[in-house]
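K.L.:
Okay, handing you the structure first.
The values are calculated or read from the model by the stated rules, or taken from the named source; none is laboratory data. Because the structure is a prediction, the values reported are computed rather than measured. Reconstructed Cβ throughout: ideal geometry from the backbone, glycine too, with neighbour counts over all protein chains shown.
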């Protein structure tokens, strides 16, 4: 495995080196602001071109070694410029607008990704990253693979679906819980995995009252694994009366998944669909 | 200082002889900090690039960073620091309350309500406007919010042609509470991205500075500062108490109105450009009084210098703390401001309620 990977890295270096020698416009110092975009850059084998990532870029592990530019919606123009990038790949919500304007004013290429919390969105983002990295062929190949995987995962999920009502809990506070309503990445992934979103009637991530949670009768509680891998917040959920009386807790259907995997809509989304589907349709 | 005495023709000025020296020192520190703001940043620049950037012959990326990012930022810092310090100084003087700051009369929360509404209702509002104007919707909304809320506070506390200071402070507290409730509702109806935007806006930043923003806020603050600088004597008389000031021939109503309008203008203008930046308005006047004494003719300019120095130092701090990321400036000013505020409180307690 290792020698093979090293060989492929070597090949990439060769290709990149050759391109640079031909004075190609292929960017070699890339800043990626967006966890999904960073994953795609790595999936295209161009991870070594990244010189900086934002705080949502947590996968793969190598991102931890890159310079950290902060939260994607609050980047500092000069901070990004200090990395001397020749391309900034930004998620749809890259900001604040003045910083983006300043980056462009200094002549840095800033490419804003298409919005995409959907299977097609993932493919669009892959083609977008490929186009800007000068890796069109690789991107088309990757998009083709992901499309197949995705179709397979969604079909399998649909077949095994038991129409379970899933509630996505973003965070548990002392005053209430934040759950994922309609038009959220959580809602999209739950439906792809053959579940039904129990939190309906509102959009976005909102606090949901105890009574409405009880009324919604969720059969599965879905949460993000916290970064340390602990389960403190899942314990706190079990103690809360609005959850302890739901079918979800009664049957012990508590699912935790990595947040970026679950909600990122990057190249690992087929995997997320498969994992979630097997967890909720057990 | 014999030189000063010689210049003033043997007349002994009514301030301690070391005062001119203090001003020269403050000005010197300000110049050093301002140059540092231009020269030090996450991107290392050569001296030539910095000079090219300042002389507006920007050609390389380095000099563009100076002329597009650092210089407007420095200019905005000067404007914001001056506005906050002068307003704080005038309000503390008129309200005769050392703990008064521009937030007290609702300017900051008013601006916040305006700006946060702009963030939340962005999608609804922007559809109706040409795209070039989008960048200015938030500052305009913030400025309007500051004006409306401050105007409301003052009109509520004005009865029969007289403005009661006690009512003014209480009305300020009440209106701040109402505004905070409005902010709460905005937070409730916002989605998670808007929520992040709002949180960061509330912590303030000079990062949005561009020359248009600087020009507009400079024009607003220059008008307010011009009149505030000339209020030294009026503010001194107010220290005797409102009645004594009135009997010394001061039109106290007019002074109060003037301070309110000028502060709303200045603080509204800079909050619109940089978000609510805490503690400068509270801190700078106190530091100024500590070093130049109680005369407002001296406290006002000293506070303006202190305010800009503090703000630029905070900005230097946040820009260079964890590059390439940048924490909000509100964190830095409050981190200096919080301990200072405590210290002020404790020493006042020791002095057993004597006036500062």
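K.L.:
Considering only residues that are within 17 Å of the chain's Cα centre (by Cα) and surrounded by fewer than 19 Cβ atoms within 10 Å (Cβ to Cβ), which ones fall in region A:138-148?
P.N.:
Answer for region A:138-148, where residues must be within 17 Å of the chain's Cα centre (by Cα) and surrounded by fewer than 19 Cβ atoms within 10 Å (Cβ to Cβ): just A:147.
K.L.:
Return yes when residue A:160 is within 14 Å of chain B (Cβ to nearest Cβ) and under 30 Å from residue A:244 (Cβ atoms) and no when it is not. I'd like the intermediate steps shown before the answer.
P.N.:
Numbers: within 14 Å of chain B (Cβ to nearest Cβ): no; under 30 Å from residue A:244 (Cβ atoms): yes.
Judged against the criteria, residue A:160 is not a match.
K.L.:
Out of the helices (runs of 4 or more DSSP H) lying entirely within region B:202-280, which hold 3 or more residues that are within 24 Å of residue B:335 (Cα to Cα)? I'd like the intermediate steps shown before the answer.
P.N.:
On the way: elements: B:211-229, B:232-238, B:242-247, B:252-274.
Per the criteria, B:252-274.
K.L.:
Among the candidates B:281, B:330, single out the residue that is buried (at least 20 other Cβ atoms within 10 Å of the Cβ), under 21 Å from residue B:109 (Cα atoms) and within 14 Å of another protein chain (Cβ to nearest Cβ).
P.N.:
Step by step, each of B:281, B:330 is checked, and only B:330 is buried (at least 20 other Cβ atoms within 10 Å of the Cβ), under 21 Å from residue B:109 (Cα atoms) and within 14 Å of another protein chain (Cβ to nearest Cβ).
K.L.:
Could you list, in sequence order, all residues of region A:86-127 that are within 19 Å of residue A:270 (Cα to Cα) and either out of contact with any helix residue (DSSP H, G or I) (no Cβ under 8 Å at 6 or more places or on another chain) or within 14 Å of another protein chain (Cβ to nearest Cβ) (or both)?
P.N.:
Of everything in region A:86-127, those that are within 19 Å of residue A:270 (Cα to Cα) and either out of contact with any helix residue (DSSP H, G or I) (no Cβ under 8 Å at 6 or more places or on another chain) or within 14 Å of another protein chain (Cβ to nearest Cβ) (or both) turn out to be A:115, A:117, A:120, A:121, A:124.
K.L.:
Then there is this: For region B:159-198, what are the residues that are at positive phi and either in contact with a strand residue (DSSP E or B) (Cβ under 6 Å, 6 or more places away or on another chain) or free of Cβ contacts under 8 Å to residues at least 60 places away in the same chain (or both)?
P.N.:
Hit for region B:159-198 is B:160, nothing else.
K.L.:
Okay, moving on. From the list B:299, B:318, pick out the single residue that is in a helix (DSSP H, G or I) and within 14 Å of chain A (Cβ to nearest Cβ).
P.N.:
B:318
K.L.:
Next question, about the same structure. Of all the residues that make up region B:84-98, how many are surrounded by fewer than 24 Cβ atoms within 10 Å (Cβ to Cβ) and assigned to a helix (DSSP H, G or I)?
P.N.:
Here the count works out to 1.
K.L.:
Kindly indicate which of B:266, B:274 is crowded, with 17+ Cβ neighbours inside 10 Å, within 14 Å of another protein chain (Cβ to nearest Cβ), within 30 Å of residue B:69 (Cα to Cα) and modelled with pLDDT of 90 or more.
P.N.:
B:274
K.L.:
Sticking with this structure for a sec: Identify the residue in region A:60-85 that is surrounded by 20 or more Cβ atoms within 10 Å (Cβ to Cβ) and touching a strand residue (DSSP E or B) at 6+ places or on another chain (Cβ under 8 Å) and, among all such residues, is farthest from the other protein chains (Cβ to nearest Cβ).
P.N.:
Within region A:60-85, the match that is farthest from the other protein chains (Cβ to nearest Cβ) is A:63.
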